[in-house]
Each structure stands twice: as C-alpha cells, then as structure tokens.
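Heads up, the thing below is written out as structure tokens.
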Amino acid sequence: MSSGVQLLTEVAAPVAAVAGGAALARAKAPALYWSAIGLPVTAARLSATYGSTMDACGLTVPPSRLRVLVTRATSRREIRPIPPRIRRAPPTTTGLRLRLRLAPGQEPADVAASAERLRHAWGVHSVHVIVVRPGVVELRMTGFDVLRRVRMPRRRPAGALAVPVAMREDGTAFVRDYLAVPHALTLGTTLSGKSVYMRNLISGLARLDVALVGIDCKRGVEQAPFAPRLSALATDPQSAGGLLDALVEVMEERYDLLRDRQGLAGSVASHEIASDIWGLPPKLRPVPVVLLLDEVAELFMVATRKDEERRDHMVTQLIRLAQLGRGAGIFVEACGQRFGSELGKGATMLRAQLSGRVVHRVNDRPTAEMGLADVSPEATQIAPDMPGVAVAGDSSGGWSRIRTPDLSLARAAEICHANAYRTPTLAGLEHFRPVVPPVLVVPPMPSAPPRFAAAPSAE
C-alpha cells in the first residue's frame with residue numbers, strides 16, 4: 001500500500017509542476033502558451049468536432065442528388081449535410097486562420113452570425129470572419145487577448161505611405177495608409193491613449209520620405225519634442241492661421257505644376273499626363289506632406305467677436321486642404337478630445353472630408369457618433385484601465401477594435417532625431433521651421449584615481 005502511495009506521489013509531483021508552469025505561461029506569456037499547448041489542443045478539437053459544430057450552427061446544406069446517389073451506390077454510411085469545405089488552416093503566433101469554401105446557398109453573413117458559437121465550441125478567444133473573395137471566407141481565430149499586451153507583427157506593410165500604428169483584435173496590424181485613406185480624425189478623452197497613438201504614427205512617418213507639418217495649440221508641448229523631424233510647426237492659433245495659408249499656397253503651386261504637365265499643348269507624352277503628384281516623374285514629384293493637427297477644437301474656439309473672422313478663415317483653409325489636398329500630396333491628420341457640430345461653422349463639413357476615423361474612449365455618445373457616424377457604439381464602452389484601445393472605422397462602414405503599443409515620448413523623440421536628415425525644406429514654409437537647439441553632449445566622467453597608489457615594483 002505504501003509503495004502505491006509513493007508511486008502516486010512521484011507521478012503527481014511532475015504533473016502538478018507541468019500544470020503550474022502551463023498556468024503561469026498562460027498568464028505571463030500567452031503567445032508561448034498558445035504555441036506550445038493552445039494550438040495543438042485547438043487543432044485537435046477543431047478536427048474532431050468540425051462537422052458536428054457546423055451542423056449545430058446551421059452552417060451545413062443538404063447534399064446534392066448526385067452525391068446522394070453515389071453515396072448510396074458505393075457505401076451504406078449515413079448521408080449527412082455538407083459543411084463548408086476547409087481550404088487551408090495555417091497557424092499563426094496569435095491564433096489560427098481557417099479558410100473556408102462556402103457551400104452553395106451560403107453567404108458570409110451566415111458564418112459571421114455564428115462567430116460567437118464557434119468561439120465557444122473550439123475554445124478560442126475570438127473569431128472574426130473576413131471575406132477573401134466571393135464564396136471564400138477566412139475565420140481569423142485568436143488564442144488569447146492580443147490587445148492586453150500588444151506585440152506588433154514584424155512584417156512591414158507594403159506601400160510608400162503605409163505606417164503600421166496599432167494591433168487589431170484579430171491579430172493583424174492596423175495600417176495607416178495615406179494613399180488609401182488620405183485624411184483621418186482621431187478622437188479620445190484625457191488618458192485614453194490618443195497621444196500614444198499619435199506618437200506611434202509620427203514615429204512611423206519619421207522613417208519615410210515625407211514632410212511633417214505640425215499644429216499644436218497647446219504651446220507645442222505635444223509636438224515640440226519632434227521638432228528635428230518637422231518641416232514646420234505652429235504652437236498657437238495666430239501662427240496656425242499663417243501656416244494654413246502657406247500650406248494652401250503650396251497646394252496651389254503643386255496644382256499649377258500638374259496643369260503645366262498635363263500636355264494640353266502636346267508638349268508632354270500622353271503616359272505622363274497626371275491629375276495628382278503620383279503620376280509625375282520621380283524627379284519632378286514633390287515630397288508628400290502630412291499635416292498633424294493636435295487638438296482641432298482649439299482652432300474653432302473664439303473669445304471675442306473679433307476672433308470669429310480669424311476662426312472662419314482658418315477653418316475654411318483647413319477644409320480646402322481636406323477637400324483638395326490629396327491630389328497635391330497633402331494629407332490631414334486631425335485629433336482632439338471632443339468633436340461636434342457645436343464647435344461652430346465648418347465643423348461638420350470638415351468631418352465629412354476626414355474619411356478615416358479612430359475613436360478612443362470618450363465621455364459622451366455624441367462625440368462617438370460624430371467620429372464613427374453610428375458605425376459602432378463601442379467607443380463609450382471602452383474600459384478606463386485599457387488605455388490605447390480604440391475603435392477604428394472608415395467610410396465603408398467597417399470597424400474594428402485596435403490598440404497601440406506603448407511608446408514613451410522620449411523614445412518617439414529619439415526616433416525623430418535619428419531621422420532628422422530626412423526632413424525636407426519646403427518653399428514657403430521656412431518661416432515656420434522650428435528652431436532645433438543643438439544636442440548637448442555630456443563628456444564621460446574620468447574614472448576616479450585609486451585610493452591608494454600601487455606599491456613600486458621590486459625591480
């Protein structure tokens with residue numbers, strides 16, 4: 001009897017150690033736990049229960065008459081409904097991607113409606129349905145909460161103006177592509193992670209061949225650390241008005257260049273005719289400009305009736321840049337704590353031009369609706385203990401939850417300083433070029449002399 005107890009004790013100790021290590025890995029290193037334990041278990045569960053799960057979720061269709069006849073003629077097995085056919089199931093570091101060929105009569109909405117059932121049936125954290133092409137969908141399953149501890153994918157996006165900014169809840173990177181979505185509006189209350197989002201965006205843009213122009217009406221406390229990488233910076237409403245006027249002049253000059261190159265007189269080859277700067281030859285193509293507008297509401301605020309004309313003029317110039325800037329290679333990135341029609345004349349018109357939307361946690365529903373246009377109500381439901389989580393949407397009506405990786409202001413400033421050599425000088429904006437003080441290099445302290453002199457050698 002004692003030998004049996006001893007054997008049970010010897011077996012239980014390693015099992016308890018393995019179970020404890022697995023529980024610790026699941027809490028502290030979820031990616032490692034998923035790769036070692038979660039993925040094999042999920043793959044086995046999916047393989048064993050795929051047909052029955054799809055049948056329970058109503059994602060099967062009756063077999064064709066030909067299939068029924070062949071089955072009855074060749075075997076006596078039961079004729080079962082047909083689920084979507086699995087094309088491939090590649091694993092990832094965050095989950096599993098199941099590509100399905102829909103059965104005749106099915107649509108992606110049927111699969112999307114059963115996503116929550118599939119999540120519980122296969123024991124994964126989330127299931128997202130993506131349409132690949134007609135008749136083919138992809139189930140992006142995540143084995144753990146990828147937004148709890150953000151680790152950006154290593155693969156860089158393709159595109160001249162594509163910047164990975166955050167992580168989507170399906171495990172893919174949220175990419176800010178200015179050629180696809182030229183202008184965007186980012187909203188979020190205090191401590192919602194909006195500043196961290198902008199730091200990641202600026203750090204990514206700093207590595208590209210673009211000109212960064214900043215307007216920071218909080219005396220430059222948000223954007224002044226990035227001055228080595230900024231071609232122009234305005235830190236108050238008065239200088240912001242002059243900078244917007246200069247940007248409009250730059251835009252008009254670029255359109256004059258495009259008009260001269262359109263070959264209306266037959267002096268330019270037909271394949272070089274273009275309506276935006278991307279169709280120009282590389283030698284003539286102006287550098288793209290990204291306008292980073294921090295706290296957009298400050299441009300709408302007026303204290304006296306005398307300031308109303310200045311406000312209206314600035315808003316008009318900003319709307320012109322948002323309406324016409326894309327073809328001239330000028331993109332607007334506006335952010336603020338609150339944005340609504342009560343800001344005044346031109347607010348809703350400006351919002352209509354900013355097709356990209358990123359809304360962090362906000363305090364009121366009207367701001368969420370102004371940002372996402374009722375695409376998603378979740379911006380008012382983000383927990384305060386999850387700063388950096390946002391709802392990203394666009395004019396197509398789609399939305400997803402994202403979260404930016406933590407990036408300190410000091411690290412973002414280091415990246416901008418290291419890429420200061422990329423900062424172009426734009427004609428017409430030299431007056432607004434921020435003054436960058438020289439970097440103070442502190443020489444290393446000499447090593448302290450030994451407290452006691454070494455004894456002379458016997459020689």
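The values are calculated or read from the model by the stated rules, or taken from the named source; none is laboratory data. Source: prediction; values computed, not measured. Glycine gets a Cβ as well: all are built from the backbone with ideal geometry, and neighbour counts include every protein chain shown. Calculation scope for accessible area: heavy atoms of the full protein, side chains included, ligands and nucleic acids excluded. Shrake-Rupley method; radii C 1.70, N 1.55, O 1.52, S 1.80 Å.
When Leu69, Leu118 are checked against the criterion of being farther than 30 Å from Val359 by Cβ and outside any strand (DSSP E or B), a single residue qualifies: Leu69.
Mind telling me which of the residues Arg310, Arg338 ends up being surrounded by fewer than 21 Cβ atoms within 10 Å (Cβ to Cβ), touching a residue at least 40 places away in the same chain (Cβ under 8 Å) and assigned to a helix (DSSP H, G or I)? The conditions single out Arg310. The set of residues from the stretch 122-139 being of a type outside the set (Val, Ile, Thr) and more than 15 Å from Gly38 (Cβ to Cβ) comprises His128, Arg133, Pro134, Gly135, Glu138, Leu139.
Could you run through the stretch 168-197 and say how many residues are under 16 Å from Arg411 (Cβ atoms) and surrounded by fewer than 24 Cβ atoms within 10 Å (Cβ to Cβ)? First the steps, then the outcome.
Residues of the stretch 168-197 that are under 16 Å from Arg411 (Cβ atoms), as a first pass: 193, 195-197.
Those still in the list that are surrounded by fewer than 24 Cβ atoms within 10 Å (Cβ to Cβ) too: 193, 195-196.
Qualifying residue count, the stretch 168-197: 3.
When the test is whether a residue is crowded, with 16+ Cβ neighbours inside 10 Å, in contact (Cβ under 8 Å) with a residue 24 or more places away in the chain, within 17 Å of the chain's Cα centre (by Cα) and closer than 30 Å to Arg207 by Cα, Val165 passes it. Pairs meeting the criteria (first residue in the stretch 413-435 and closer than 14 Å to Gly214 by Cβ, second residue open to solvent by 70 Å² or more (accessible area, probe 1.4 Å) and not in a helix (DSSP H, G or I), beta carbons under 8 Å, at least 6 apart or on different chains) are Arg433/Thr425.
Would you be able to say whether some residue in the stretch 409-424 is modelled with pLDDT of 75 or more and touching a strand residue (DSSP E or B) at 6+ places or on another chain (Cβ under 7 Å)? Looking through the stretch 409-424, at least one residue is modelled with pLDDT of 75 or more and touching a strand residue (DSSP E or B) at 6+ places or on another chain (Cβ under 7 Å). Just need a number here: residues in the stretch 151-162 that are open to solvent by less than 30 Å² (accessible area, probe 1.4 Å) and assigned to a loop (DSSP other than H, G, I, E, B). Adding up the residues that qualify gives 1. Can you run down the residue pairs with Cβ atoms below 7 Å, 6 or more apart or on separate chains, where the first is in the stretch 169-188 and of a type in the set (D, E, K, R) and the partner is not in a strand (DSSP E or B)? Between residues of the stretch 169-188 that are of a type in the set (D, E, K, R) and residues that are not in a strand (DSSP E or B), the close pairs are Glu169/Val146; Glu169/Leu147; Arg176/Leu201; Asp177/Gly159; Asp177/Leu161.
Condition test on Asp145, is it in contact with a strand residue (DSSP E or B) (Cβ under 9 Å, 6 or more places away or on another chain), open to solvent by 30 Å² or more (accessible area, probe 1.4 Å) and free of Cβ contacts under 8 Å to residues at least 40 places away in the same chain?
On the way: in contact with a strand residue (DSSP E or B) (Cβ under 9 Å, 6 or more places away or on another chain): yes; open to solvent by 30 Å² or more (accessible area, probe 1.4 Å): yes; free of Cβ contacts under 8 Å to residues at least 40 places away in the same chain: no.
No: the conditions fail for Asp145.
Every listed requirement among (1) small (Gly, Ala, Ser); (2) modelled with pLDDT under 55; (3) farther than 18 Å from Gly356 by Cβ is met by Ser376 save one, (3). When the criteria are applied in full, Glu298 fails the requirement of being closer than 29 Å to Cys416 by Cα, acidic (Asp, Glu), modelled with pLDDT of 90 or more and in a helix (DSSP H, G or I).
The condition (being outside any helix (DSSP H, G or I), modelled with pLDDT under 90 and open to solvent by less than 50 Å² (accessible area, probe 1.4 Å)) is satisfied by just one residue among Ala265, Ala303, Ala274: Ala274. Scanning the stretch 85-114 for residues that are free of Cβ contacts under 8 Å to residues at least 24 places away in the same chain and assigned to a helix (DSSP H, G or I) yields Ala109, Ala112, Ala113. Checking each residue in the stretch 87-126 for being open to solvent by less than 20 Å² (accessible area, probe 1.4 Å) and under 23 Å from Ala44 (Cβ atoms) picks out Gly95, Leu96, Leu98, Leu100, Val111, Ser114, Ala115, Leu118, Trp122, Val124, Ser126.
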